[in-house]
Amino acid sequence: MTAAPQKVEPGVDIIPALVDKITKVNELVTRFEFKRIDGKDFPVFSAGSHTVIEMKDGDRTIRNPYSLMSDPEDGSKYAISVRRDDVGRGGSLFLHKKIQVGDKVNLTYPLNLFSLDLRARKHLFFAGGIGITPFLSMIMQLESLVGSWELHYATQTEELASYGEELKNKYPKKVNQYFDDADQAILLQKLLTTQPIGTHIYVCGPAGMIKWVTSTAKNVGWPNANVHSEEFLAPKPGKSFQVRLCKSDLTIEVGENESLLEAMEREGVNAPFSCRGGACGQCETEIVELDGEIIHRDHWLDSEEQDSGTKIMPCVSRFLGNSLVINR
Amino acid sequence: MSKFLFPPSIPSRPTYGVLERRDGIFHIIIAEDEGAEAIIDFVESDKKFLNKAHIIFVATKSGEKYVSRLKSLASAQFYVGPSYSASVQRLQKVLEAAKMGSQFYLTGTEGFMGQAQNEIMKAGFPHTAIQTEHRGSVARRMQCVHCKGITEDVITDPFVCGHCGLNLFVRDHYSRRLAAYQGVRVDAEDFGNVPEPVELYT
Amino acid sequence: MTIQFNNETFRDDYSFWNSDWAIKRFPFPFHQDSYMYAVNMEMHKGGPAGSVYEKRFDVDEHYVSEMKDRALVLDEDPLRCQSLPHMTLAGWDLLELIMVSKSEDYPDLFELHRDGSIWRWINKPMGIDDTFTFMDETTLPYGPMEYITRQAQGDYVILDQRDEMLWMDAGMVTTQADWSLDFDIGMNFFEWHAPVPLAHEMGIFKRALKFLLNVKQSAPARRLNWTMTVNPLLDSSPENYDKWGIQKTTLTPENIGSKQHLRVELQTFFRLPRSNALVFPIRCYLISFKDLVTIPKWGRRLHRVVRDLPVELATYKGFIDNRPLMLEYLEKFDDGLSTSPGVWPDRDTEPPLKS
């Protein structure tokens, strides 16, 4: 290190906030609006960004990433919409059932892993279900920049098409909706073969939809650089396992429904993180000893790194075997 | 001239591959002179592929040599131009009408491919998805960093800038945007001391 | 904070000079007696009071004259400032970042008044008082990036972040150490660093890229880079190399102390909010050998670093031919005593030069 070194702190800077408004959008989706506790404006952000919300459920800390759906230029509030997930690890259930207006939460500075390519001649959006959220802020940003966009939004029913009606009313020529229960499907092949050179496509929604759109694009001949997707990998549960943290001189147990990162945090170990979804690389950790198999679930390490057994991404990946020692 | 093996160099120096047919809704093939041989190699008389292909052939130096063979491939569209600059407008029109899902294949000299690549990039297609295969002369397009003029067909190091007359040494540092390598004054620290020109790659 | 601004030149008669204050706060880059590449990134969140690391965008006595020199360079060669069309939004981000930072960090010198999107910017040292509409280019005399970087020391490169890569898509580059924005604009991180010897094989750029892709709005970073320049020439560009290259051959044992300069770049990295681009300010500090060796630790260390630097690096940094002359001068200031780790001079504790 050279001059005046300032330590790189693990995690990110956080913004203390409180829940300002809770609005039920439909049976499954609720919108939460936040205000800063210090009264200042939230930072401006680039559309497609997300924030990680840290909430306290008793003595358990939950940290989940959510796309920001608010106007990037309106610092008076940050807004997210959450789909209730009854079988998940509890983050969305906590938000739906327990959190109240006035409750305190910590929000991270926005991080963008799903940004607009501003060189694009046209932006073609594919949204499935709650995947509509990042597109709401993208549409606002593109409208202010006078950019060309088109949205294809598929949901199970009309009722569950959060914000669909308002978008359709505001931009009738640019918004197309499809409802499963009316047997309407996106004519994907046709759409993907009729776009001018310079079009970029963006897809956000359930894993199946992302796979469908990206593989169809590939088969039609779209270059990868023009195809963008975001999928929040919630850390999947798995068999519990033990890990030795050699730097902290601790051996910890990672439970079925928590990630290795969460277990370390629970034990008071300062482990770096950022997106908490296996995509950004910040939590990359060195494996010191391995007798068993790492279950890699991230999008960060390349296959060589994954096979080498020298690195692990604690926010989403797990371990099966006799012993694992990591450098934390 | 057959396929040339460029010596490994710095990361900004472009590398070329071997053309191969890819899935796509349309195939735009742009070739110069000996590049015709690369087309014949990779197209392999694939009727299905050729029915969706547009061959733009620039016979800069080869005259009629390759024309009839290429014509006999019976691609959906076929154009022969006498020079890159005469053909560029046609390329621009084709790019205006082209749809995403099209594939691009370039073959010929570095300078030719670099300029065609630029047109395709300007239309909004990523350079990483454009295939290239080098055929023909290894002469370079060089930009003089001092006067910004581009000198074509440079085959020696050093060389004389065709615009401002300075003696320039040849760098491997390459700009995709300019489709040219960088030339820098060779005797800047010792005016008049200009080494004997040596042919590139010897 | 009252700064006495120099009236000096960085060309022709080279009247540039460093006050005692400037010498003492110079960003000496060597923390040990030898140098090799490292991904030497650290957070850019303040530093010791009065140091070049304290403020987000350091302003010093050379401010006004540097901006005059920049204007001259741009008059001669407008291609030193370019912005690809999609980067205008990032230019506004940068304008906001510099205006907010400078008005907060130097309230005696700069003021920013905002009323919705109507902004008023006052730059006292340069005598500027402009009112404009944020995000409306027609209300400024130049594009936003050019407008604000004509008022901020150092070069600025704005990197678009796409496909897990950084792309040099805009910049104001008039104080560079021998690289061309006009040539490099549009290149990616590995491509524009292609000419740097050894570093690629060491994996330096792969690691640096991973770090930079994750720099966040709340956490800017910084690092130091260095090279050598004969005469306090800011515009040591390849474009003008055909004119300044010859100056490297004018060193003599008598003039080397005042002519040979150590050139240090304080490089910072800020995430830009609306565009998600990364801005890379490259702030150039110059010090003559003569002034540098007045700090005994620095004199001792510089001699050792220059002496032991690998040939490839000395060649790439452009001083391989002058190295013998430099060592002949510097060895007078190296008495062989040990030096403490770190860059800071040990004013109170270190022994003076042994004669």
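Can you give the mean number of other chain Cβ atoms that lie within 10 Å of the Cβ atoms in peptide C:164-170? Numbers along the way, then the final one.
Working: counts 3, 2, 0, 1, 0, 2, 0.
Going residue by residue through C:164-170 and averaging, the value is 1.
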ask   = Farthest toward the dipole's positive end in the protein assembly as shown, which of A:P43, B:P195, C:G186, given Cβ charges of +1 (Lys, Arg) and -1 (Asp, Glu) about the Cα centre?
value = A:P43
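Would you mind counting up the charge near C:L302? Only other residues with Cβ under 15 Å from its Cβ, with Lys and Arg at +1 and Asp and Glu at -1. Before the final figure, lay out the partial values.
Working: positive: C:R263, C:K290, C:K297, C:R300, C:R301, C:R304, C:R307, C:K317, C:R323, C:K332; negative: C:D33, C:D291, C:D308, C:E328, C:E331, C:D334, C:D335, C:E350.
In short, +2.
Around C:R283, what is the net charge, scoring Lys/Arg as +1 and Asp/Glu as -1 over all other residues with Cβ under 9 Å from its Cβ?
Details: positive: none; negative: C:D58, C:D155, C:E265.
Here the charged neighbours net out to -3.
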task = Mind sorting C:E137, A:E304 by how few other Cβ atoms lie within 10 Å of their own Cβ, fewest first?
result = A:E304, C:E137
task = Counting other beta carbons within 10 Å of each Cβ, put C:R271, C:R300 in order, fewest first.
result = C:R300, C:R271
message = Could you tell me the relative contact order of segment A:14-107? Use alpha-carbon pairs under 8 Å, at least six residues apart, and round to a whole percent.
response = 37
task = With both partners inside the protein assembly as shown, how many of the DSSP beta bridges are antiparallel, as a percent to the nearest 5?
result = 70
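State to the nearest 20 debye the size of the charge dipole of chain B about its Cα centre, where the only charges are +1 on K and R beta carbons and -1 on D and E beta carbons. Intermediate values should be presented prior to the final figure.
Working: 23 positive and 23 negative charges, 194 e Å.
It comes to approximately 940 debye.
Got a sec? How would B:K93, C:K45 order by Cβ neighbour count within 10 Å, fewest to most?
Working: B:K93 10, C:K45 17.
Sorted ascending by nearby Cβ count, the order is B:K93, C:K45.
Compute, for the protein assembly as shown, the length of the dipole vector about the Cα centre, with Cβ point charges of +1 (Lys, Arg) and -1 (Asp, Glu) only. Units Debye, rounded to 20.
Details: 99 positive and 121 negative charges, 286 e Å.
Computed about the Cα centre, the dipole is about 1380 debye.
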Distance in nm between pseudo-label sites at B:I155 and B:H127 (7 Å out along the Cβ direction from Cα) = 2.6
query = C:D321 to C:D163: FRET efficiency via 1/(1 + (r/R0)^6), r the Cβ-Cβ distance, R0 41 Å, to the nearest 0.05?
reply = 0.50
query = Taking every residue in A:191-199, how many Cβ atoms of other protein chains lie within 10 Å of its Cβ, on average?
reply = 6
ask   = Among C:A22, C:L72, C:L337, whose Cα sits farthest toward the positive end of the charge dipole of the protein assembly as shown (+1 at Cβ of Lys/Arg, -1 at Cβ of Asp/Glu, about the Cα centre)?
value = C:L72
key: Listed residues B:L50, B:G108, B:L70: farthest to the positive end of the dipole of segment B:26-134 (Cβ charges)   = B:L50
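Need one value for A:281-288: mean number of C-beta atoms belonging to other chains within 10 Å of its residues' C-beta atoms.
On the way: counts 5, 4, 0, 1, 0, 0, 0, 0.
Other-chain Cβ atoms within 10 Å of each residue's Cβ, averaged: 1.
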task = Taking 7 Å along the Cα-to-C-beta vector as the label spot, tell me the B:F6-B:R90 distance in nanometres, rounded to one decimal.
result = 2.6
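How high is the relative contact order of segment B:26-134, in percent, counting Cα pairs under 8 Å that sit 6 or more residues apart? Please list the in-between numbers first.
Working: 161 pairs, mean separation 35.4, N = 109.
Relative contact order of segment B:26-134: 32 percent.
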remark   = Plugging the Cβ-Cβ distance of B:V198 and C:W17 into 1/(1 + (r/R0)^6) at R0 = 45 Å yields, to the nearest 0.05, a FRET efficiency of 0.50
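Report the extension gain between A:N219 and A:D13 in nm, rounded to one decimal, defined as 0.36 nm multiplied by the number of residues separating them, less their alpha carbon distance.
Numbers: separation 206, 0.36 × 206 = 74.16 nm, distance 4.18 nm.
Full-extension gain reported as 70.0 nm.
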query = Whole-Hz Karplus ³J(HN,Hα) for segment A:183-197, in order, using 6.51 cos²θ - 1.76 cosθ + 1.60 and θ = phi - 60°, x for Gly and Pro?
reply = 6, 9, 10, 5, 7, 4, 4, 5, 4, 6, 9, 10, 9, x, 4
remark   = Between the alpha carbon centres of segment C:98-127 and segment C:37-64 the gap in Å comes to 20
inquiry  = For the pair A:S240/C:E328, report the inter-label distance in nm, with labels modelled 7 Å from Cα in the Cβ direction.
reply    = 7.6
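With a Förster radius of 56 Å, plug the Cβ-Cβ distance of C:D75 and A:E253 into 1/(1 + (r/R0)^6) and report the FRET value to the nearest 0.05.
Numbers: r = 68 Å, r/R0 = 1.22.
Calculated value: 0.25.
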note = So, relative contact order of segment C:8-75 in percent, Cα under 8 Å, 6 or more apart, is 31
request  = First select every other residue whose beta carbon is under 15 angstrom from the beta carbon of C:P341; then total the charges, Lys and Arg +1, Asp and Glu -1.
outcome  = +1
Part-to-part distance (alpha-carbon centres) for segment C:164-191 and segment C:201-217, which is given in Å = 16
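Since every read-out is calculated from the coordinates, none of them should be taken as a lab result. Everything numeric here is computed off the predicted structure, so don't read it as measured data. Counting neighbours? That spans all protein chains shown, and the Cβs are built from the backbone with ideal geometry, glycine included.
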